[in-house]
1. Return the whole-Å distance between the Cα centroid of segment 98-163 and the Cα centroid of segment 38-60.
2. Show me the chymotrypsin sites (Phe, Trp or Tyr not before Pro) within segment 87-180 that DSSP assigns to loop and that have at most 16 other Cβ atoms within 10 Å of their Cβ.
3. For a quick check: with amide H placed at 1.01 Å from N, whose amide H comes under 5 Å from Gly133's, ignoring anything fewer than 5 positions away on the same chain?
4. Ranking request for peptides 125-137, 24-36: highest mean number of other beta-carbon atoms within 10 Å first, then the rest in descending order.
5. Can you work out ³J(HN,Hα) from phi for every residue in segment 100-112, in order, using Karplus 6.51 cos²θ - 1.76 cosθ + 1.60 and θ = phi - 60°, giving whole Hz and x for Gly and Pro?
6. Could you list which residues have their amide H under 5 Å from that of Tyr154, counting only those 5 or more apart in sequence or on another chain, with H placed in the peptide plane?
7. Provide the per-residue ³J(HN,Hα) series for segment 68-80, in order, calculated from phi with Karplus coefficients 6.51, -1.76, 1.60 and θ = phi - 60°, each as a whole number of Hz, with x at glycine and proline positions.
8. Students often forget the sequence filter, so: which aspartates and glutamates lie under 12 Å Cα-Cα from Lys49 once same-chain residues fewer than 8 apart are removed?
Amino acid sequence: MDEDNVGADLYRKRIYIVNSGPSIARMTPTLQRMAALGIKLARRESIGKPQDEGYLPRGIKRNGFAAKPPAERAVDMLLAKLRGEPFHSEIAAPKFAGSKPAAPLRDLKSAVIALVTDGGLVPEGNPDKIEPGRPTRFTTIPISGVTSLDPNKYDAVHSGYDTAIANRDPNRLVPLDAMRELEREGAIGKLHEFVHSTGGAHAAVENATRIGKDIASQLKTAGVTGVILTST
């Protein structure tokens, strides 16, 4: 399977996927690597590194022995990079899907603006049990008729920063008070009646993507035309 195939990211952590490349021109060596890897698996032999065996990296780390200590290896890679020579990092860089930026709003005075945060804003007591780290869910906070976030009614639950200031004044995390002023002045058409909130510390890409899509779907259904996303 080619590494850009959607199925590759879905299943590479569960099974060994031999990298076939984007063209059938590599079919013969691909089948040879599949057969060799299959024999090793059947015999319960040790499986080598992805670059040696020809399968896609699975995100699994194992201890190993190296001829040089980490500092020397890092300097060697830096010098090779400065000289324009090929080098291979020992840590695979993550790949993130790109997205096309939304078009700018033409008329703020008729826009419906929503407040969204990954700063961990929750109602007091955190009834939806939003995790302070590695979040898997988000919470929806009603703000219809609320002009300011009362520190006695809201908390910041997040392990990635000092939440003391946000707990003293949640409006500095989610600027509801300022947005209400803009709404009263007619600078924006309307403020959406819910705040969507999640955490952001050490979020797995899969969970963050799912959370973002779910929030976006709800906002789109509600007719929101613009979003202010606050972070920490």
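1. When both Cα centres are located, 44 Å separates them.
2. Values: sites: Phe87, Phe96, Phe138, Tyr154, Tyr161; in loops: Phe87, Phe96, Phe138, Tyr161.
In loop regions of segment 87-180 (DSSP not H, G, I, E or B), the sparsely surrounded chymotrypsin sites (Phe, Trp or Tyr not before Pro) are Phe87, Phe96, Tyr161.
3. Here Ser159 satisfy the definition.
4. 125-137, 24-36
5. 7, x, 5, 5, x, 5, 7, 9, 5, 5, 10, 7, 9
6. Amide H neighbours of Tyr154, under 5 Å, 5+ apart: Glu124.
7. Here the 3J(HN,Hα) series is 10, x, x, 4, 5, 5, 5, 5, 4, 5, 5, 5, 4 Hz.
8. Filter leaves Glu90.
Each value in this text was obtained by applying a stated rule to the coordinates, not by laboratory testing. What you see is a predicted model; the values in this text were computed from it and never measured. Positions of Cβ are generated from backbone atoms using ideal geometry, with glycine treated the same way; all protein chains shown enter the neighbour counts.
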